[in-house]
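Enquirer: Could you have a look at this structure, given as structure tokens, before my questions?
We did not get these values from a lab; they are worked out from the coordinates using the rules stated. What you are looking at is a predicted structure, and each value in this text was computed from that prediction instead of being measured. Cβ: placed from backbone, ideal geometry, glycine included. Neighbour counts: every protein chain shown.
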Amino acid sequence: MDSNQESDLQTAEHFRKTRTIAIVGMSADPARASHGVGKYLASYYKIIPVNPDCQAILGYPCYPSISAITEPVDFINIFQRSERVTLFVEEARAKKPAVFWMQLGIRSPVARQALEEAGITVVENQCTKIEHARLNRMGLL
């Protein structure tokens, strides 16, 4: 098995185990990528929008921060500029998700190290919607 196949199997396993996804930076604007990704993911998972400027998105209650979420979270999906990602590390570590996923174009080696030290799987520079749909088409989900 090559490393791409192994990576696909690991990613698919994370998606299969996930029930709840917090989407940090989700927008109420349908033109924004975070809105479209959230809408797609809501077909498969319970989503929890995190945006201090909104009360609700797509009918789901919106939280001002990760730490304000009152239930367990399996997966945190980040829509923030790379230089802002470290601002969410401590809240994420406290919430203890299995996965911390940074969307396309988002990377943070500092956040990666801190989260991996806490036993959290980190994905950088990938779109959850694209990867989920691809793995689903492959029959892995």
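Enquirer: Every residue in the stretch 57-75 that is of a type in the set (Val, Ile, Thr), in contact with a strand residue (DSSP E or B) (Cβ under 7 Å, 6 or more places away or on another chain) and part of a loop (DSSP other than H, G, I, E, B), please.
Expert: Ile66, Ile69, Val73
Enquirer: Within the stretch 66-93, which residues are within 23 Å of Asp29 (Cα to Cα), in contact (Cβ under 8 Å) with a residue 24 or more places away in the chain, surrounded by 14 or more Cβ atoms within 10 Å (Cβ to Cβ) and of a type outside the set (Phe, Trp, Tyr)?
Expert: Ile66, Ile69, Ile76, Asn77, Ile78, Gln80, Ser82, Val85 - these are the residues of the stretch 66-93 that are within 23 Å of Asp29 (Cα to Cα), in contact (Cβ under 8 Å) with a residue 24 or more places away in the chain, surrounded by 14 or more Cβ atoms within 10 Å (Cβ to Cβ) and of a type outside the set (Phe, Trp, Tyr).
Enquirer: Is there a residue in the stretch 112-125 that is touching a residue at least 60 places away in the same chain (Cβ under 8 Å), of a type in the set (A, V, I, L, M, F, W, C) and out of contact with any Phe, Trp or Tyr (no Cβ under 6 Å at 6 or more places or on another chain)?
Expert: No, the conditions are met nowhere in the stretch 112-125.
Enquirer: Do you know which residues across the stretch 1-52 are of a type outside the set (A, V, I, L, M, F, W, C), assigned to a strand (DSSP E or B) and out of contact with any Asp or Glu (no Cβ under 7 Å at 6 or more places or on another chain)?
Expert: Of everything in the stretch 1-52, those that are of a type outside the set (A, V, I, L, M, F, W, C), assigned to a strand (DSSP E or B) and out of contact with any Asp or Glu (no Cβ under 7 Å at 6 or more places or on another chain) turn out to be Lys46, Pro49.
Enquirer: Looking at the stretch 76-126, which of its residues are among the small types (Gly, Ala, Ser), over 17 Å from Leu41 (Cβ atoms) and assigned to a loop (DSSP other than H, G, I, E, B)?
Expert: Hits for the stretch 76-126 are Gly105, Ser108, Ala118, Gly119.
Enquirer: For the stretch 18-32, what are the residues that are surrounded by fewer than 15 Cβ atoms within 10 Å (Cβ to Cβ) and in contact with a Phe, Trp or Tyr (Cβ under 9 Å, 6 or more places away or on another chain)?
Expert: Correct list: Arg19, Arg32.
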